[in-house]
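The values are calculated or read from the model by the stated rules, or taken from the named source; none is laboratory data. A quick note: this is a predicted structure, and the numbers were derived from the prediction, not measured. Glycine also receives a Cβ, built like all others from the backbone with ideal geometry; neighbour counts cover every protein chain displayed.
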Amino acid sequence: MHWFAVQRIVGILVALFSVTFLPSVAVSLLYHDGQAVYFLLSASIVLIAGLALSLPVWSHRQEVAVRDGFLIVALFWTILGVAGALPLILSIHLSFTDAVFEAISGFTTTGATVVLNLDSLPASILYHRQQLQWLGGMGVIVLAVAILPMLGVGGMQLYRAEMSGLSQGEKLTPRIQDTARALWAIYVSLTLACAALYWLAGMSVFDAVGHAYTTIATGGFSTHDASFAHFDSTLIESIAVVFMMLGAVNFSLHFLAWRRGSTRGYLQDPELRVFLVITLTATALIALPLAMTHTYAGPIESLRYALFQTVSVITTTGYGTATFAEWPLFVPLLLATLAFIGGSVASTSGGMKVIRIMLLFLQGSREAFTLIHPRAVSNIKVGGRVVPDEVIRSVWGFYSLFVLTALLLTGSMMALGLNLETAFGATVASLTLLGPGLGEVATSFATVGDSVKWLAIFGMLVGRLEVFTLLVLFTPAFWRR
């Protein structure tokens, strides 16, 4: 482990993060909400902390190994949680636990909240929450990869540790910093387009920008307590559905569509096709019981609510036009299952990712075929290409750790006094990065104890860092020379 290199890079990243408080300062001055001083103070504290970490070891230019990259990513996301929590402590006087919970929920694009009465909060605090999710959506580490090479720091190891499982090591351009810039250019372009359409559909500029941030990031934070129900607009909901789906699509496909000037890559991608089939099927399965139980006035209204919530959940965005935990029959359980599936690999969404679900299904089918034809040789293919067995083993390992973590979190929360529904809902909300849960945490984590919140924070980090990136730090082998 190259400790000085790790300290130097983390210090640089923290110092760079201090700049992200400045837009909130501008919003505070624009809206005259009196919070600018708290953001300036937070920026100063974070900048000093970053410099204190990096300057003493500035001359140490050791090459960063893959193992160092995992530690840097985990440390940075954790430290960001504390840094992003500072304005919430200074301005609206949240406790340390609540502030860290809110900030980590933002950076990991989870969307779970402990803050009540959002409509009465200062504009700059609301903007800060939305921006946290936007920065976390693509990954602050990927942004830093485009900047650090200019400071003499290599970035490939950080990129491999940050990007989602099956895309690790892939590069869209010859140089990693160009890849990061390309991804961020697409990310910013989608955000601007989403904000413009929200504004044209009737949102204020502030709401349009804030919700564009969290739509593309599939984060789910809103500037209103009622989330998208506040606007009660089919047009706004339709725009949100489109851009939530775009945020949950593999960003490599966006890049290829931009570079080639063609959408053919979307149609040819097997993961996206399965993702769309799951989404449409789930929408129909949810709309039917809503219509049969007369939850809403007629089948069209049932379809409207079913489509929005289905997309919101499977993309792990977590926006709400209704509290789905209160819906009838099997619907809440089906939606929780969709959250575990999640969106595409290399997207901003959470969950296990559709490609992993596909490979698990194909592996199960192969095992069944082998029982019938024990001497047959069969390969698993996706998109006409054979998937190596080591990838299948990796997927099984991911699935096992994901499910085991879910069981441990649920059991631990029940040991702390939550009932099964609430404990399972809190686990789904945090580990899949969904945000809203079931039972007591259907809309907010404000009423649960601090111990439950810290378990949820751990779940958010595990879910955001794709399980292995964080849990590998708890293995003795990681720390051996």
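Of all the listed residues (263, 234), the sole one being out of contact with any strand residue (DSSP E or B) (no Cβ under 6 Å at 6 or more places or on another chain) and closer than 30 Å to residue 301 by Cβ is 234. Would you point out the residue of segment 217-239, among those that are buried (at least 18 other Cβ atoms within 10 Å of the Cβ) and in contact with a Leu (Cβ under 6 Å, 6 or more places away or on another chain), that is farthest from residue 111 (Cα to Cα)? Filtering segment 217-239 for residues that are buried (at least 18 other Cβ atoms within 10 Å of the Cβ) and in contact with a Leu (Cβ under 6 Å, 6 or more places away or on another chain), the one farthest from residue 111 (Cα to Cα) comes out as 239. Out of 94, 126, one residue alone is under 20 Å from residue 37 (Cα atoms) and either in contact with a Gly (Cβ under 9 Å, 6 or more places away or on another chain) or in contact (Cβ under 8 Å) with a residue 24 or more places away in the chain (or both). It is 126.
The conditions are (1) surrounded by fewer than 18 Cβ atoms within 10 Å (Cβ to Cβ); (2) under 24 Å from residue 474 (Cα atoms); (3) over 24 Å from the mean Cα position of the chain (by Cα), and residue 93 fails exactly one of them. Which is it? Condition (2) is where residue 93 drops out. One residue alone among 432, 422 is in contact with a Phe, Trp or Tyr (Cβ under 8 Å, 6 or more places away or on another chain), of a type outside the set (Phe, Trp, Tyr) and surrounded by 14 or more Cβ atoms within 10 Å (Cβ to Cβ), and that residue is 432. The selection criterion, being of a type outside the set (Gly, Ala, Ser), on the phi < 0 side of the Ramachandran plot and modelled with pLDDT under 95, holds for residue 142.
Restricting attention to segment 378-409, the residues being surrounded by 14 or more Cβ atoms within 10 Å (Cβ to Cβ) and hydroxyl-bearing (Ser, Thr, Tyr) number 3.
State whether the residues of segment 370-377 include one that is more than 18 Å from the chain's Cα centre (by Cα), farther than 25 Å from residue 76 by Cα and surrounded by 12 or more Cβ atoms within 10 Å (Cβ to Cβ). Within segment 370-377, one or more residues are more than 18 Å from the chain's Cα centre (by Cα), farther than 25 Å from residue 76 by Cα and surrounded by 12 or more Cβ atoms within 10 Å (Cβ to Cβ). Residues considered: 64, 114. Of these, the only one that is modelled with pLDDT of 95 or more, crowded, with 16+ Cβ neighbours inside 10 Å, among the β-branched types (Val, Ile, Thr) and assigned to a loop (DSSP other than H, G, I, E, B) is 114.
Looking across segment 257-302, the residues that are touching a helix residue (DSSP H, G or I) at 6+ places or on another chain (Cβ under 7 Å), assigned to a helix (DSSP H, G or I) and under 25 Å from residue 219 (Cβ atoms) come down to 257, 258, 266, 271, 272, 274, 275, 278, 279, 282, 283, 286. Close Cβ contacts (under 9 Å, 6 or more residues apart or on different chains) running from residues in segment 1-13 that are touching a residue at least 60 places away in the same chain (Cβ under 8 Å) to residues that are assigned to a helix (DSSP H, G or I) and acidic (Asp, Glu) comprise 1/68; 2/68; 5/68; 6/68; 9/68.
Picking from residues in segment 280-304 that are touching a residue at least 40 places away in the same chain (Cβ under 8 Å) and under 29 Å from the mean Cα position of the chain (by Cα), the one that is surrounded by the most Cβ atoms within 10 Å (Cβ to Cβ) is 286.
Across segment 30-53, which residue is surrounded by the fewest Cβ atoms within 10 Å (Cβ to Cβ) among those that are of a type in the set (Val, Ile, Thr) and under 28 Å from the mean Cα position of the chain (by Cα)? The residue in question is 45.
Among the candidates 364, 318, the residue that is more than 17 Å from the chain's Cα centre (by Cα), among the small types (Gly, Ala, Ser) and either surrounded by fewer than 12 Cβ atoms within 10 Å (Cβ to Cβ) or not in a helix (DSSP H, G or I) (or both) is uniquely 364. Could you list all residues from segment 445-481 that are small (Gly, Ala, Ser) and either surrounded by fewer than 17 Cβ atoms within 10 Å (Cβ to Cβ) or over 22 Å from the mean Cα position of the chain (by Cα) (or both)? Selection gives 446, 449, 451, 477.
Is it fair to say residue 74 is at pLDDT 90 or above and within 27 Å of the chain's Cα centre (by Cα)? So residue 74 does not fit the description; no.
For (1) among the charged types (D, E, K, R); (2) at pLDDT below 95; (3) farther than 17 Å from residue 90 by Cα, each residue gets a yes or a no:
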residue: 2; (1), (2), (3): no, yes, yes
residue: 5; (1), (2), (3): no, yes, yes
residue: 25; (1), (2), (3): no, no, no
residue: 31; (1), (2), (3): no, no, yes
residue: 45; (1), (2), (3): no, no, no
